[in-house]
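The values are calculated or read from the model by the stated rules, or taken from the named source; none is laboratory data. Since we're looking at a predicted model, the values are computed, not measured. All Cβ positions, glycine included, derive from the backbone under ideal geometry; neighbour counts span all protein chains shown.
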Amino acid sequence: MAPPRDRLPRVVLASTVGLATVAAAGLLGTTAAQAAPGCGVDYTIPSSWNGGFTAAVTITNLGDRLTSWNLSWSFSAGQTVTQLWNGSVSQSGSQVTVTNASYNGTIATGGTVSFGFNGAWNGSNPRPGSFTLNGTLCTGTVSPSSPSPSPPGSPTSPPGSPTPPPSTSTPPPSGPTPPPVSSVGGSGPYPAGYETSSGLTNHTIYRPASFPATPLPVFVWGNGGCSANGTSALPFLREIASHGFLAISSGRPNGSGSTTAALLTQAMNWAVAENSRQGSWYQGRIDTTKIAVAGFSCGGLEAYEVSNDARVSTTMIFSSGLLDDNNDFQLRRLTKPIAYIIGGPSDIAYPNAMDDWGKLPSGLPAFMGNLPVGHGGTYSQTNGGEFGRVAVLYLKWRLLGDRTAGQTFVGSDCGLCRNTQWTVQQKNLTL
């Protein structure tokens with residue numbers, strides 16, 4: 001039985017959700033038998049309170065593919081790590097070393113990996129001055145003697161993987177040509193990137209660089225920590241867009257501050273308006289009858305708030321669950337299919353999510369998938385990692401009617417039920 005949710009530490013959940021808000025800076029790692037031509041680390045503190053804080057760390061590999069890693073730094077003000085996820089930690093005095101977990105030791109060239117931790121401080125909490133990866137000082141630069149790496153955040157594939165086919169779609173001749181998008185990538189048939197709009201100033205819009213022949217279903221996203229950084233889950237959201245979806249994240253690219261559920265509604269309003277606005281390059285290119293609302297941790301709470309919008313086709317809750325039983329009315333009013341993607345029992349949101357699962361309305365189609373990756377998920381991994389892959393399949397099923405994709409989730413012999421690390425539960429699911 002899940003513990004009463006009013007006893008769960010609200011401040012801890014609110015702080016750990018910030019893991020997904022980290023934006024990658026360039027880093028190169030190495031194995032013991034390799035020399036690292038350069039590396040960099042992005043270390044942020046998305047949440048802090050009297051005597052405690054949450055830190056989020058992202059590593060981006062600019063060099064050869066790694067199969068294991070350890071990151072070391074020294075605290076300068078006596079801080080200590082009290083709880084860490086997506087890795088293991090050792091600390092001796094001020095010196096801290098974090099080693100990869102069993103599932104995130106591999107970092108492809110240009111790929112990223114993230115971990116986070118709760119810590120304690122007294123007096124001040126400055127950022128560490130330097131980091132070393134497998135013994136190499138990380139400066140954010142690459143040695144001239146090293147092979148030319150991929151830029152940070154660019155899509156990569158393991159050696160021997162097939163190159164994703166280029167987009168063959170072209171914009172309908174009646175519509176204006178859209179401007180280029182930034183940071184194009186993703187494994188789907190429509191390489192995607194992001195842009196901003198003067199009509200939606202507090203959001204980041206992910207779309208294919210060239211529009212498919214069919215309109216784009218909509219995926220509206222709330223960030224972890226209710227962070228207003230619209231590129232905090234860039235690899236994950238870009239991957240979704242590359243499969244023919246319009247993904248809209250709360251917050252501007254690399255933005256700061258906090259979000260509210262109202263931004264998710266604004267994103268839906270904008271998509272509907274742009275689809276019909278004369279002169280918009282989105283005119284006639286958005287399927288406003290197919291909208292998914294989703295969010296990670298604090299963003300998942302925002303998704304719950306707007307899930308009763310009549311335009312929503314399905315809701316996706318990532319590593320989140322209601323914090324207060326007084327909000328259970330949000331569960332009772334659900335009428336559209338819902339999916340939970342949770343980080344397993346070590347995910348701090350796991351008890352809340354499982355409690356919500358037990359309170360869903362009878363007859364509601366629902367999927368629950370737990371992958372043992374902890375609260376941080378896989379959003380910053382290449383193409384959004386396993387969470388990205390599963391999210392795309394779910395959206396293809398629910399928004400595009402792809403029955404083959406639906407077999408990933410439905411039945412005792414579902415794709416995630418057989419020979420995977422996923423633990424699956426189902427309610428009222430049919431193809």
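Quick notes on this structure:
- The set of residues in the range 195-216 that are in a strand (DSSP E or B) and surrounded by fewer than 23 Cβ atoms within 10 Å (Cβ to Cβ) comprises 195, 196, 197, 200, 201, 202.
- Hits in the range 69-96 (condition: among the small types (Gly, Ala, Ser) and surrounded by 16 or more Cβ atoms within 10 Å (Cβ to Cβ)): 72, 87
- The single condition among (1) surrounded by fewer than 23 Cβ atoms within 10 Å (Cβ to Cβ); (2) assigned to a helix (DSSP H, G or I) that residue 353 does not satisfy is (1).
- Number of residues in the range 372-414 that are in a loop (DSSP other than H, G, I, E, B), out of contact with any strand residue (DSSP E or B) (no Cβ under 6 Å at 6 or more places or on another chain) and touching a residue at least 24 places away in the same chain (Cβ under 8 Å) equals 7.
- Pairs where the first residue, in the range 121-135, is on the phi > 0 side of the Ramachandran plot and the second is at pLDDT 90 or above and assigned to a loop (DSSP other than H, G, I, E, B), C-beta under 7 Å, 6+ apart: 123/77
- Of the residues screened, residue 394 is one that is in the same structural domain as residue 416 (by TED's automatic domain parsing), closer than 22 Å to residue 206 by Cα and buried (at least 22 other Cβ atoms within 10 Å of the Cβ).
- Residues satisfying the criterion are absent from the range 222-231 (criterion: in contact with a Lys or Arg (Cβ under 6 Å, 6 or more places away or on another chain), at pLDDT below 95 and assigned by TED's automatic domain parsing to the domain that holds residue 289).
- Residue match in the range 251-265 (condition: closer than 18 Å to residue 181 by Cβ, assigned to a strand (DSSP E or B) and touching a residue at least 24 places away in the same chain (Cβ under 8 Å)): yes
- Unmet requirement for residue 282, which otherwise passes all of (1) part of a loop (DSSP other than H, G, I, E, B); (2) surrounded by fewer than 21 Cβ atoms within 10 Å (Cβ to Cβ): (2)
- Lone unmet requirement of (1) crowded, with 17+ Cβ neighbours inside 10 Å; (2) more than 30 Å from residue 87 (Cβ to Cβ) for residue 373: (2)
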